[in-house]
């Protein structure tokens, strides 16, 4: 059992959480990437039918269930864990390092889970560990992290409720396809929708990711949404509602990215947009569409991490991330610019970059399955992607005029190395698509480099550039905030706090004051019982010498005691002689 | 943008339109009417780009964009 466990990719990475604190602080950064690298090696060598389970109570937990779908996600999760570790090689923050390892390990555990209970455990671990990556940023991180955690706990609760219903209905805990008619299926779908950032449950992403640490954002961009896509492909392929939701996501992210001023917020909105392609692909449900969704998740993880690294480098070097505060960095950070542009060309679907070979699979699958509107809207969304990520962001960050001159600090070389590795992979898979296609789980062939496809892409991209150049002044950043669906819980938060917290604390304050007043009234009367007979209490801070004369009240007290004794005597006599 | 950038872009655009006209044929019986529109993807790119910019900015100006300190009192 121990040998099986040690060869589980997730446990190899989670082992790092235990080992890393024992390593000298100066060496931790260098040791960190070794754990995901070991997991990558194991994932690569896993056979497609490998499984491993343990007994827990009356259940058999399938902690390692390998097939082609889980294997390809395992490979890319390990790969990005390694690249992220390389990017964070200089980091001296053990909390972030441990959170990142726990996050990567949990995501790996999730994709290799063969049952709902194991999956739920890792699902919640990803939520908690990713929250730490947001909390690690000083300043606004704590409040944003709390919102992020609460939304994910809500999503986790939906998932758990659905899982309990599913287990009760089916009598087993094995992962299996959801059935449309069941409430439990919809609850599970709701829980997955939170992590997949499907509107209106998406606002946590654009709220939290731009406020994470520089290295934290790289990890965040890879795991949560893509593990949700994995789960959708696993349990809900062909659910038609996902097509509509995917298209909405693709366009929603595009619109909000045009309005965003923070470069990492632009990238965050384009996670929602790109995950929209994957969700739509899962919804279409044909082998080509599912392969497209998986391939696009693979490509997206690589180029989005590269883009977040580029934006993180800008933040690291300048301390700024708002377009209104950036500009003119091309001469100061040329290498970062070109590495970023590789990611931008990839996400925009330029030929010879990995986005071209994966996004087109989903789009083509939509047309093959006769979803004309879906096809055209996804093409429109790809126009918006190039517009924001390939044109607006680099133009106003690197080429626009800087609003204020300031120095640029030199980033550590490992950050450039990590970007270089990912850029190489983006180009490598773009030039040799068969390297990725050979690993896809569903049997559907696809040829991306056909003349019509190349002609269409070139026309689309060139024409988008013309449109951008004509309207570029309108795209300049504005120092504004864009309302999103988080308004529904952020805006009423003050009101809820006033009602529930403020109201209750006010009630307690008044009760407190009432009790103190009561005690203030009773205390002198118990100290001096004669006050019960109508004498006024002396003030607390009265004269040092008391004016009380015990003889003055003695007759009244004697009369009262005599009266009581007389009554007792009379009642006793009456009872005795009856 | 330098002059040669514009010339290169124009050459690429014209080449793609010529190739579309000469070498790309949609023979499939069930292909849709709109796939035969000349320069379809050029139009989609240009008009789509302008539509996204104008539409998003309109939404932002009228409804969604607020002062950066909008949530400060929460």
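Brief remarks on what is shown
- Among the residues making up the range A:340-379, those that are more than 16 Å from residue B:31 (Cβ to Cβ) and not in a helix (DSSP H, G or I) are A:349, A:350, A:351, A:352, A:353.
- Residue identified as buried (at least 24 other Cβ atoms within 10 Å of the Cβ) and closer than 28 Å to residue A:421 by Cβ among A:232, A:315, A:329, A:307: A:307
- When we screen A:492, A:452 for residues that are modelled with pLDDT under 95, under 30 Å from residue A:354 (Cα atoms) and surrounded by fewer than 16 Cβ atoms within 10 Å (Cβ to Cβ), the only hit is A:452.
- Restricting the range B:34-74 to residues that are exposed (fewer than 14 other Cβ atoms within 10 Å of the Cβ) and over 27 Å from residue A:483 (Cα atoms) leaves a set whose member that is nearest to the other protein chains (Cβ to nearest Cβ) is B:34.
- Selected residue [touching a helix residue (DSSP H, G or I) at 6+ places or on another chain (Cβ under 9 Å), assigned to a helix (DSSP H, G or I) and surrounded by fewer than 24 Cβ atoms within 10 Å (Cβ to Cβ)] from A:245, A:267: A:245
One line per residue, one yes/no per condition, for (1) closer than 30 Å to residue B:9 by Cβ; (2) free of Cβ contacts under 8 Å to residues at least 40 places away in the same chain; (3) in the same structural domain as residue A:203 (by TED's automatic domain parsing):
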| position | (1), (2), (3) |
| --- | --- |
| A:454 | yes, no, no |
| A:470 | yes, yes, no |
| A:482 | no, no, no |
| A:490 | no, no, no |
| A:493 | no, yes, no |
| A:512 | no, yes, no |
| A:519 | no, yes, no |
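- Filter result for residue A:423 (within 28 Å of residue A:258 (Cβ to Cβ), in a helix (DSSP H, G or I) and within 14 Å of chain B (Cβ to nearest Cβ)): no
- Residue in the range A:399-406 that is surrounded by fewer than 24 Cβ atoms within 10 Å (Cβ to Cβ), part of a helix (DSSP H, G or I), within 14 Å of chain B (Cβ to nearest Cβ) and at pLDDT below 95 present: yes
- For the range A:383-391, the count of residues that are in a helix (DSSP H, G or I), in contact (Cβ under 8 Å) with a residue 12 or more places away in the chain and out of contact with any helix residue (DSSP H, G or I) (no Cβ under 6 Å at 6 or more places or on another chain) is zero.
- Taking (1) within 7 Å of chain B (Cβ to nearest Cβ); (2) surrounded by 14 or more Cβ atoms within 10 Å (Cβ to Cβ); (3) closer than 23 Å to residue A:210 by Cβ in turn, residue A:479 satisfies each apart from (2).
The values are calculated or read from the model by the stated rules, or taken from the named source; none is laboratory data. None of the values given here were measured: they were computed from a predicted structure. Cβ: placed from backbone, ideal geometry, glycine included. Neighbour counts: every protein chain shown.
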